[in-house]
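A quick write-up on the structure given underneath.
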Amino acid sequence: MEFPEDLRYTREHEWARTKGTRIVVGITDFAQDQLGDVVYVELPDVGDPVKKGESFGVVESTKAVSELFAPISGKVVEVNSPLSDAPETINEDPYEEGWMIAIEPSDPKELEALMDAKTYRAFVQEQE
Amino acid sequence: MSNPTGWKPSMEKDAKVPAAAAMAAADGTGLGGATRGLVHEEALLFERGSTGRCGVSLPPLPAGHDVQDLPAALVRGGVDGLPEISELEVVRHFTRLSIWNHGIDTGFYPLGSCTMKYNPKSSEALARLAGFANVHPLAPPELCQGALELMWRLERALSEIAGFDTTALSPAAGAHGELCGVMVIRAYHESKGNARRKVLLPDTAHGTNPASAALNGYDVVQLASGPDGRLHPEAVRAAMDEDVAAIMLTNPNTLGIFESHIQEIAEIVHAKGGLVYGDGANMNALLGVARPGDMGFDVIQYNLHKTFATPHGGGGPGSGPVAVKAHLAPFLPLPVVVKEGEAYRLVTDAKERPKSVGRLREFWGNFGMFVRAWALIREYGPDGLADTGKLAVLNANYVRALLRGVYNLPYETDSLHEVVFDDKLQKANGIATMDVAKRLIDHGFHPPTIYFPLVVSGAIMIEPTETESKETIERFVAAMKAIAEEAKADPDALHAAPSRPIRARLDETRAARKPVLRWRPGIKVE
Amino acid sequence: MLDAAGAKSLDDLFRSIPASLRLKRPLDVPPAVDEISLFAELGRLAARNDVSHPPFAGAGCYPHHVPPAVDQLLLRGEFFTAYTPYQPEVSQGTLQALFEWQTFVCLLTGLDVSNASMYDGATATAEAALMATRLTGRKKIVVSAALHPEYRKVLATYLRSTHDEIAVVPFGPDGRTDLAALERAVGSDAACVIAGWPNFLGVVEPLPEIVQIARRAGALTVASTAEAVALGLLQSPGALGADVAVGTFQSFGNAMNFGGPAPGFFATREANVRQMPGRICGATLDKHGRRGFVLTLSTREQHIRREKATSNICTNSGLAALAATIHLSLLGKAGLSHLARLNHARARMLRAAMERVGVRPAFSGPVFNEQVFDVGDAEAVVARLAKKGIVAGAPLARWYPDHPRAKGALLCVATELHSEELIELFARSVKG
């Protein structure tokens, strides 16, 4: 199970990576493992607003559905559209090719409230 | 991201499959009893490629028949792609398909909450009498008094059996009955000036419950059941307010446990003007023993295909009559059947029932199922119905006693007609509920209900019903025990299961990622 | 067994039920009868339904010949006592048959995907409207007044707790939906337009024009078919531009059964598949690379989505759909075409016979096998023919009380079951 050090994490198992002025978001290795083979993902459109803690989309496996929660508030500026034809990317490479959306944050300080890799790893170990 | 069922994808990813296991029928596991002759592969009808054949015999068209009166652009020559095969080929096709199926007529189905009891052949024969099968729903009442009388008698019996004042027969299935029941509840509240906004339900509720509530515009509030598997009054009291339209309960619940706090819970809900909805899926435990209407329920839906043995048919049709107390009767959907003097009539005119929620389906209900259910009620009588409840509960408790310690029992609380185990004891060997279920198939049994209810991780829910014999139950238990042993000795065999049916484990991921939902010429699954 | 279960008596097993709730009397239902008496008793009830002639009533439920092969195959215990195919390895019979059903529905409707059947035509139509609101985000459902009135009532019931609105567009003297009125009703707030194919009056609607009006406003077109045999002669809704086709396949393989059960159907374009309600069967491979079938796309359904499901539907109409599938297999391309033309011919024969006794059609539009006649006093005719054991048809006034021609309007079907002699007798008796 991977927990890249340079990322921040939510209790809902999303990760956030700072990339210039944007925050890139996806789901963690633990999340994709729990979900199973991803068969479908529903993402917002470019330009849509997102709010911290609120749902921005849905990811589905054959037997489970999970909402995706925004780690921070802001506006969606990029969407990883190839995911709809290749949802398995989320399983194969959740932290790189499996990225979901990029957000232009309205309040970058919100990032600080998220967990770091060490804290998240401990959090995950508690879940199991 | 939560995973309440305990299901994990790794359960479906197999260990290396020994080639032999794929081919051989391991006779040592043949305890289930179903035998097969040769089992053929069978292509889709549409792949036959034959032309010009037809399997029906019809009168000729009149000489010179034309369709000139129809606009040419709106007419088609023939439907391309339809098969063109003889009656014999059709008969062989479906006969061969049928032998790939497990059915109650083939073997045991210990499916919890499904009540897979024997479907009497008498019910089937009676439903097919021309006098029942060939009646048009719009036949004038004087030409269909037999059908109307049957519906009236069934309505009286269903009302009595569950302890309610009147029953609407029209809903097409259990979930449809739930939709109806919540609609009636909503209409009742609307008539009092406030539809209210919430519906309470326990974490053991079947998925159709919150779906039915949501479809009626209600927010769903889930309440946690206690460590004994029961919903406790305090949980209800804490959530109950004047914005709650109803609580939806199954009793016994989906753990097979009687909600013994039902009266107090009903009082709490009623005190704030709410109503109590009953999901009647588990009526089999209560027949002749106790009645939901006496417990404080205001409305309940039946599942005729469960309790009254109308055939499951590979997924339906069902029938979900809704029984209510008098204060909800005005809101029932139309039609309802009434007796006036010696004559029977359907009330279809909204003017006669101005508060009715309206129509929920075409015509009057799944009459074909009414005949079967009524036939069963006539054959059982009050004693047979009471025996049903008792035997169903006895059989389930027998299973519980015999499998105790072999599989983990998450709740010590008494079970009624069904019992829930889980896979805790098998986990140590890397075996999960899914593996146990698939291996049961090799023993000739359909698996029990698995991964439901959600409150139990890796749930295995077993409901034998009253129509299974002691011997069958013992064979089933023997198979379950053998699997538990195999879990320790040879877990790989379980991961590779099932090996005996015509197909091994099927790739559901592929089916969902690249859906192929119909035949097209050159269809390929990849 | 009691011993093993640790109970002293059967009563003990029910100790979790409070004594105050235990029934202290037997259920008040009639005492049990043996099988012979049961058959006598129910036989008497069946005999009190007069089925000596095929009815001349359709209106959503149709008298057709069901070949004996259908029932005999259906009665195989492996089909009719089988459970829902959640364990696909032991349900390949059911699943392959469902895949074939879905294919038949797609071929007849000319659309890409179908589900594994619905409760009936009315609920399928209501679910199509709900799907249209989800897909478009709009709240108005435009329906033709000539769409089956029971379907419209069910639609209204299903929409009770939503904030969606239903707008009804009248039909003209030809029995077709008034296109000018439709144009006015379909604005940018319309989620869909629903029209019968054919409509309740038996009339064949101008579906291509209806589709155009809907498309210009960005709305979906839903074609609703109660008499599925029509799809053997009429162009498919899909080919004419409809986005959704719904209705019932009761006419194939299913007796009338006093109105139920019957297999509703639902078909739509591929792009809409994730919003389609109901169970869906798909093809896949097993571990050894062999093709097999499974229920799929289950995440739309109630057992996973619970309150966020596309619908609360759980059961489909499995056995009824299987009956239709077997019947369609027997008919095949040639048989279906022949059956449809035969129905069309019988309706024409009925028209001619009625004309000879001076009874005319009430509407001028083209029809398939159902048509409305102006018989003077429809209820009186129904009562008079009932005395001869004939179900004369459906009096339109029951559903259209305010229509100027309602009193005399009788909706009559003629199918392959109506012989020339019966049609002659009928026409003479209508004349009175």
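The values are calculated or read from the model by the stated rules, or taken from the named source; none is laboratory data. Predicted model only: the values in this text are computed from it and were never measured. Note: ideal-geometry Cβ built from the backbone for every residue, glycine included; neighbour counts use all protein chains shown.
The test for being more than 19 Å from residue B:176 (Cβ to Cβ) and either within 13 Å of chain C (Cβ to nearest Cβ) or within 22 Å of the chain's Cα centre (by Cα) (or both) holds for residue B:288.
Select from the range B:52-72 the residues that are within 40 Å of the chain's Cα centre (by Cα) and loosely packed, with under 12 Cβ neighbours inside 10 Å and list them in ascending order. B:57, the sole residue that qualifies. A single entry from B:250, B:204, B:254, B:208 fulfils the requirement of being under 24 Å from the mean Cα position of the chain (by Cα), hydroxyl-bearing (Ser, Thr, Tyr), under 21 Å from residue C:154 (Cα atoms) and not assigned by TED's automatic domain parsing to the domain that holds residue B:392: B:208. Note on the range A:26-84: residues that are among the polar types (S, T, N, Q), surrounded by fewer than 20 Cβ atoms within 10 Å (Cβ to Cβ) and within 14 Å of chain B (Cβ to nearest Cβ) amount to 2.
Would it be correct to say that residue B:490 is more than 28 Å from residue B:392 (Cβ to Cβ), more than 12 Å from every other protein chain (Cβ to nearest Cβ) and surrounded by fewer than 21 Cβ atoms within 10 Å (Cβ to Cβ)? Please lay out each step first, then the result.
Numbers: more than 28 Å from residue B:392 (Cβ to Cβ): yes; more than 12 Å from every other protein chain (Cβ to nearest Cβ): yes; surrounded by fewer than 21 Cβ atoms within 10 Å (Cβ to Cβ): yes.
Yes, satisfied.
Residue-level check: of (1) outside any helix (DSSP H, G or I); (2) modelled with pLDDT of 95 or more; (3) in the same structural domain as residue C:205 (by TED's automatic domain parsing), residue C:84 misses just (2).
Looking at the range B:150-166, can you tell me whether even one residue there is over 21 Å from residue B:292 (Cβ atoms) and at the interface with chain C (Cβ under 7 Å from one of its Cβ atoms)? Yes, the conditions are met somewhere in the range B:150-166.
Against the definition (surrounded by fewer than 24 Cβ atoms within 10 Å (Cβ to Cβ) and not aromatic (Phe, Trp, Tyr)), how does residue C:218 come out, yes or no? Yes: the conditions hold for residue C:218. Within the range C:236-258, the set of residues being more than 16 Å from residue C:66 (Cβ to Cβ) and at the interface with chain B (Cβ under 8 Å from one of its Cβ atoms) comprises C:236, C:239, C:240.
Table: residues versus (1) modelled with pLDDT of 95 or more; (2) part of a loop (DSSP other than H, G, I, E, B).
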| position | (1), (2) |
| --- | --- |
| A:46 | yes, yes |
| A:58 | no, no |
| A:67 | no, no |
| A:77 | yes, no |
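Total residues in the range B:291-316 satisfying the condition of being more than 8 Å from chain C (Cβ to nearest Cβ) and either under 23 Å from residue B:255 (Cβ atoms) or in a loop (DSSP other than H, G, I, E, B) (or both): the figure is 15.
The residues of the range B:493-526 that are buried (at least 16 other Cβ atoms within 10 Å of the Cβ) and among the basic types (Lys, Arg), listed by number, are B:500, B:503, B:505, B:510, B:513, B:518. Among the numbered conditions (1) touching a helix residue (DSSP H, G or I) at 6+ places or on another chain (Cβ under 8 Å); (2) within 8 Å of chain B (Cβ to nearest Cβ), the only one that residue C:291 does not meet is (1). Does residue B:408 fit the bill of being under 19 Å from residue B:256 (Cα atoms) and in contact with a strand residue (DSSP E or B) (Cβ under 7 Å, 6 or more places away or on another chain)? Here the answer is yes, as residue B:408 does meet what is asked. Among the criteria (1) touching a residue at least 24 places away in the same chain (Cβ under 8 Å); (2) within 13 Å of the chain's Cα centre (by Cα), the one residue A:78 does not fulfil is (2). Of all the criteria given as (1) outside any helix (DSSP H, G or I); (2) of a type in the set (A, V, I, L, M, F, W, C); (3) within 28 Å of residue C:263 (Cβ to Cβ), the one not satisfied by residue C:363 is (3). Of the residues B:420, B:393, the single one that is in contact with a strand residue (DSSP E or B) (Cβ under 7 Å, 6 or more places away or on another chain), closer than 28 Å to residue C:15 by Cβ, touching a residue at least 60 places away in the same chain (Cβ under 8 Å) and crowded, with 23+ Cβ neighbours inside 10 Å is B:420. The condition of being crowded, with 24+ Cβ neighbours inside 10 Å and within 27 Å of residue B:459 (Cβ to Cβ) holds for only one of B:227, B:252, B:233, that being B:252. Scanning the range C:89-112 turns up at least one residue that is in contact with a His (Cβ under 8 Å, 6 or more places away or on another chain), free of Cβ contacts under 8 Å to residues at least 12 places away in the same chain and facing chain B (nearest Cβ under 7 Å).
The requirement of being farther than 24 Å from residue B:510 by Cβ, in contact with a strand residue (DSSP E or B) (Cβ under 8 Å, 6 or more places away or on another chain) and buried (at least 23 other Cβ atoms within 10 Å of the Cβ) is not satisfied by residue C:293. The number of residues in the range A:89-116 being under 14 Å from the mean Cα position of the chain (by Cα) and assigned to a helix (DSSP H, G or I) comes to 4.
Check whether at least one residue in the range C:387-404 is over 30 Å from residue B:518 (Cα atoms), in a helix (DSSP H, G or I) and either polar (S, T, N, Q) or touching a helix residue (DSSP H, G or I) at 6+ places or on another chain (Cβ under 7 Å) (or both), and report yes or no. Yes - at least one qualifying residue is present in the range C:387-404. For residue B:86, the test of being among the hydroxyl-bearing types (Ser, Thr, Tyr), at pLDDT below 95 and more than 30 Å from residue B:380 (Cβ to Cβ) is passed.
Among the residues of this structure, residue C:332 counts as one that is over 19 Å from residue C:198 (Cβ atoms), surrounded by 23 or more Cβ atoms within 10 Å (Cβ to Cβ), without any contact (Cβ under 8 Å) to a residue 12 or more places away in the chain and in contact with a Gly (Cβ under 7 Å, 6 or more places away or on another chain). When B:303, B:282, B:366 are checked against the criterion of being in contact with a strand residue (DSSP E or B) (Cβ under 8 Å, 6 or more places away or on another chain) and crowded, with 24+ Cβ neighbours inside 10 Å, a single residue qualifies: B:282.
Would you check if residue B:362 is closer than 30 Å to residue B:190 by Cα and without any contact (Cβ under 8 Å) to a residue 12 or more places away in the chain? Walk me through it before giving the result.
Working: closer than 30 Å to residue B:190 by Cα: yes; without any contact (Cβ under 8 Å) to a residue 12 or more places away in the chain: yes.
For residue B:362, the condition - closer than 30 Å to residue B:190 by Cα and without any contact (Cβ under 8 Å) to a residue 12 or more places away in the chain - is met.
Say whether the condition of being surrounded by fewer than 22 Cβ atoms within 10 Å (Cβ to Cβ), at the interface with chain B (Cβ under 8 Å from one of its Cβ atoms) and part of a helix (DSSP H, G or I) is met by at least one residue in the range C:125-133. Scanning the range C:125-133, I find no residue that is surrounded by fewer than 22 Cβ atoms within 10 Å (Cβ to Cβ), at the interface with chain B (Cβ under 8 Å from one of its Cβ atoms) and part of a helix (DSSP H, G or I), so the answer is no. Assess whether residue C:83 counts as being free of Cβ contacts under 8 Å to residues at least 24 places away in the same chain and closer than 25 Å to residue C:310 by Cα. So residue C:83 passes the test.
Within the range C:1-53, being more than 7 Å from chain B (Cβ to nearest Cβ) and in contact (Cβ under 8 Å) with a residue 12 or more places away in the chain holds for C:52, C:53.
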